[in-house]
1. What FRET efficiency comes out for residue 145 versus residue 67 if R0 is 45 angstrom and r is the Cβ-Cβ distance? Round to the nearest 0.05.
2. Return the percentage of antiparallel bridges among DSSP beta bridges fully within the stretch 3-239, rounded to the nearest 5 %.
3. Is the C-alpha gyration tensor of the stretch 3-239 telling us rounded, prolate or oblate? Criteria: a/c under 1.5 is rounded; beyond that, a/b larger than b/c is prolate, otherwise oblate.
4. Can you give the FRET efficiency to the nearest 0.05 for residue 232 and residue 87, using r as the Cβ-Cβ distance and R₀ = 41 Å?
5. Gaussian network model of the chain, Cα springs within a sub-10 Å range: biggest mean-square fluctuation belongs to which of 62, 26, 229?
6. Kindly report the accessible area of the stretch 3-239 per residue (heavy atoms of protein chains, probe 1.4 Å, no ligands, DNA or RNA), in Å².
7. At 1.4 Å probe size, with the rest of the protein present, what percent of the exposed accessible area of the chain is carbon and sulfur atoms?
8. Compute the separation of the alpha-carbon centres of the stretch 55-95 and the stretch 108-141 and state it in Å as a whole number.
Amino acid sequence: MTATAIITAAGSGLRLGHPEPKALVRLNGTPLLQHAARRLVMSGVVDALAVTAPAGHETAFRALLPDAVVVTGGATRQESVAAALAVLHEDCDLVLVHDAARPLASPELIARVVEALRAGHRAVVPGLPVTDTITAVDPSASSATAALGTVPRAGLRAVQTPQGFHRDLLDAAHAAAAPDAATHAAGPGGTPTAAAPDATDDAGLVEALGVPVWLIPGEESALKITTARDLALAELLLAGG
Ligand code: C5P
């Protein structure tokens with residue numbers, strides 16, 4: 001079985017306070033994109049790389065990763081992944097979707113995701129226990145608001161990437177979630193079903209198909225870089241080996 005990794009890297013650096021795309025922001029002198037790509041290659045379980053680039057930055061991304069297929073990303077992460085899936089080589093059986101924003105996910109973690117896929121799971125994600133107490137709120141609430149109820153954290157995991165899938169399953173999940181899918185797929189009684197909101201990850205799309213997702217232990221170093229504080233923390237992790 002051959003595996004391709006899609007590195008999602010078409011996001012902006014705005015929340016990080018950078019004018020350039022986040023994937024080009026440097027960590028210890030190396031762009032986040034290259035950190036993520038190196039570890040995928042070092043895992044020894046990835047045969048090819050595809051990268052989603054923000055429109056207008058494709059050439060810069062190609063220069064950083066000459067061996068990767070670079071595709072122009074979409075307006076959302078989900079659209080970016082769909083654009084990359086559309087150009088994958090037909091021989092590819094397994095797909096890893098990995099955020100460039102998680103540059104320090106280790107080669108060992110990447111290999112464990114693929115190992116679980118090869119063992120027969122069709123969708124595999126890393127996750128970590130949650131340490132904060134989590135409460136529900138009205139999703140439209142901005143700041144101070146009523147707490148709607150604490151969710152027992154023992155039953156929660158914070159989900160990371162890389163997320164691994166059998167390719168046919170991920171194709172089906174994205175096809176079902178595509179913005180125009182509602183016009184094709186009729187619900188009970190022939191009424192078109194409403195399009196789901198954009199998913200924040202691919203496992204969510206697979207779950208929407210009713211297919212189980214297998215969770216393996218994640219790692220602290222696979223943290224997602226969103227703010228300048230996250231970047232500083234990643235520098236510390238790198239310095240610590
Ligand atoms: O914005 P956020 O950090 O949640 O994005 C997660 C990952 O998805 C990032 O690596 C980002 O570059 C990528 N992304 C993308 N296309 C978008 C938005 C985000 O590839 N339209």
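1. 0.40
2. Restricted to the stretch 3-239, the bridges split so that about 45 percent are antiparallel.
3. rounded
4. Between residue 232 and residue 87 the formula returns 0.70.
5. Looking only at 62, 26, 229, the biggest GNM fluctuation is shown by 229.
6. 50
7. Here carbon and sulfur together make up 57 percent of the probe-accessible area.
8. Result: 23 Å between the Cα centres.
The values are calculated or read from the model by the stated rules, or taken from the named source; none is laboratory data. None of the values given here were measured: they were computed from a predicted structure. In this analysis, Cβ positions are derived from the backbone assuming ideal geometry, glycine residues included, and neighbour counts consider all displayed protein chains. Calculation scope for accessible area: heavy atoms of the full protein, side chains included, ligands and nucleic acids excluded. Shrake-Rupley method; radii C 1.70, N 1.55, O 1.52, S 1.80 Å.
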